[in-house]
Amino acid sequence: MGSPVPVQSTAFAAVQTEHLIGNAGDALRLLDAVERVRGHAHPLILGLQDAVGLKMPAALVLSAIANGRSTAEGVAEQIGTTTAEAELAISDLATLGMVRTGRQVVVTALGQARLSQLDGLTVRVLDVVTGILGPDDAAHLVRLLHTVADGLEGASASSGPSQALPQVFLQN
């Protein structure tokens, strides 16, 4: 048996302020719960995309433009992609008539209509979720999700994206 091999400190370890998961079983149960929610959310997302006729990545680009990002660089910065990918998405949206390009990229009336449809459908889906939880649990879930997002944003700002696992010691 060799000595423990330290794994580099990571974004996850930077977020971790208290050891909450006692063992691998607890971690697997948490991952299972997250996967179950993701599994049920996937068909909802596909349904939203079909209803609006717009895939989620394109919707993010369209939303970024509607929120004032008027260049591919600005869109890429807001949605966390490369400028080249943003340019391609903007070109696709222009072909569909949802944005107009030129010195600045702007959302057309058709693009605004698609965003409004997506907003309306999203509200209905979220209404189902809050109906399942009830008002108190829904408010608690929102607070928890903001806490997790804030922690992950802070961790990714302080460490590189290649650091994805907590600091642990591996033993043979």
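The values are calculated or read from the model by the stated rules, or taken from the named source; none is laboratory data. Computed from a prediction, not measured in an experiment: that's the story for all the values here. Here the Cβ positions follow ideal geometry from the backbone for every residue, glycine too, while neighbour counts run over all protein chains shown. Note: accessible area is taken over every heavy atom of the protein model, side chains too, but ligands, DNA and RNA are not part of it. Shrake-Rupley method; radii C 1.70, N 1.55, O 1.52, S 1.80 Å.
Odds and ends about this structure:
- Considering segment 82-126, and only residues there that are in contact with a helix residue (DSSP H, G or I) (Cβ under 8 Å, 6 or more places away or on another chain) and assigned to a loop (DSSP other than H, G, I, E, B), the residue that is most open to solvent (accessible area, probe 1.4 Å) turns out to be L96.
- I65 meets each of the listed conditions (1) under 18 Å from the mean Cα position of the chain (by Cα); (2) under 26 Å from R38 (Cβ atoms); (3) in a helix (DSSP H, G or I); (4) not charged (D, E, K, R) apart from (2).
- Breaking point among (1) modelled with pLDDT of 95 or more; (2) under 27 Å from V34 (Cα atoms), for R100: (2)
- Out of L31, L60, one residue alone is in contact with a helix residue (DSSP H, G or I) (Cβ under 9 Å, 6 or more places away or on another chain), closer than 24 Å to E153 by Cα and either of a type in the set (D, E) or open to solvent by 90 Å² or more (accessible area, probe 1.4 Å) (or both). It is L60.
- Search result, residues across segment 53-62 that are within 14 Å of the chain's Cα centre (by Cα) and within 11 Å of I79 (Cα to Cα): P57, A58, A59, L60, V61
- Scanning segment 89-123 for residues that are of a type in the set (S, T, N, Q) and more than 20 Å from A51 (Cβ to Cβ) yields a total of 4.
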